1. Just one of (i) 18.2, 64; (ii) 24.2, 86; (iii) 17.0, 61 is Rg and Dmax of the Cα atoms in Å as worked out from the coordinates here. Which one is it?
2. R0 = 22 Å: FRET efficiency of VAL193 with GLU84, Cβ-based, nearest 0.05?
3. Quick one: go through region 112-152 and flag any residue whose amide nitrogen is under 14 Å from the point 7 Å out along the Cα-to-Cβ line of LYS15.
4. Say a site is exposed when it is one of the GluC sites (Glu not before Pro), sits in a DSSP loop, and has at most 15 other Cβ atoms within 10 Å; what is then the longest site-free stretch of the chain?
5. Please work out the C-alpha center-to-center distance from region 149-205 to region 69-119 and express it in whole Å.
6. Only counting other Cβ atoms within 10 Å, I'd like HIS87, HIS34, HIS128 sorted with the fewest neighbours first.
7. Just list whichever of LYS10/LYS101; LYS15/LYS67; LYS100/LYS125; LYS15/LYS50; LYS101/LYS164 have alpha carbons separated by over 29 Å in the model shown.
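Values quoted throughout were computed directly from the atomic coordinates according to the rules given, and no laboratory measurement underlies them. Bear in mind the structure is a predicted one, so any value in this text is a computation, not a measurement. Cβ coordinates were reconstructed from backbone atoms using ideal geometry, including for glycine residues, and neighbour counts include every protein chain displayed.
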Amino acid sequence: MMSQELPTEKARRLKRKFIEDTLLENAVRDATSHFREDTRRVFKEYSTDKERDDDKPNRDAFRAALKSELRNLSMNYEGQDVIEGVHIQTIRDIADRLGKKHAAVLNDKRLFFGVAAKALNVYLKYLHCAGFDVRPPDCPFDYGIIDELDPPVGVERRWTFCDKEDDYREWVRLANEAAKKDGFETATDWETVTWDEQQTKKSRA
């Protein structure tokens with residue numbers, strides 16, 4: 001006979017689910033909605049508004065699949081450190097799986113590595129900042145953070161266009177170097193402070 005879930009246990013579980021659902025929505029929005037003209041769009045372009053409206057269920061299906069991926073994979077980062085090589089392979093697997101399954105709705109029928117990385121890294125950061133024992137190997141890389149790192153010529157500076165793991169590895173190396181130089185324990189801590197400083201400057205401009 002199955003044991004019945006106690007009310008306090010159910011409340012605890014649903015509180016966490018509420019937090020996760022909210023953070024998943026934010027993470028997917030951050031990775032798929034672009035607010036700059038010089039970004040590569042995740043979804044394909046449509047000839048008419050009707051075509052776009054008719055395809056909305058397919059875009060929603062992609063977003064739901066990405067949320068499911070992030071929710072399941074985040075468990076691998078809870079209570080343990082994940083080495084860089086495994087993390088990068090996880091990102092590549094997300095891009096490949098969702099790119100193949102949802103090709104019809106994606107720009108160039110592909111999900112770029114940089115977009116998958118943004119989604120996973122920002123979700124892990126959200127969970128970490130929410131107080132869960134989730135340990136992000138890398139920080140999220142947006143345009144402002146990448147500009148701050150100032151990658152050398154030849155390395156992609158736009159995360160929405162990044163599909164080379166070597167470019168991503170260089171961002172990681174530069175972020176870890178910047179964190180160490182500025183006295184932070186992790187790149188996640190460095191990015192959190194740097195991102196906030198950038199937002200404060202924008203709000204005062």
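1. Checked against the structure: label (i).
2. With R0 = 22 Å, the Cβ-Cβ based efficiency is 0.50.
3. Residues 131-132 fall inside that zone.
4. 46-184
5. Each part's Cα centre sits 19 Å from the other's.
6. Ascending number of Cβ neighbours within 10 Å: HIS34, HIS128, HIS87.
7. Result: LYS10/LYS101; LYS15/LYS50 exceed 29 Å.
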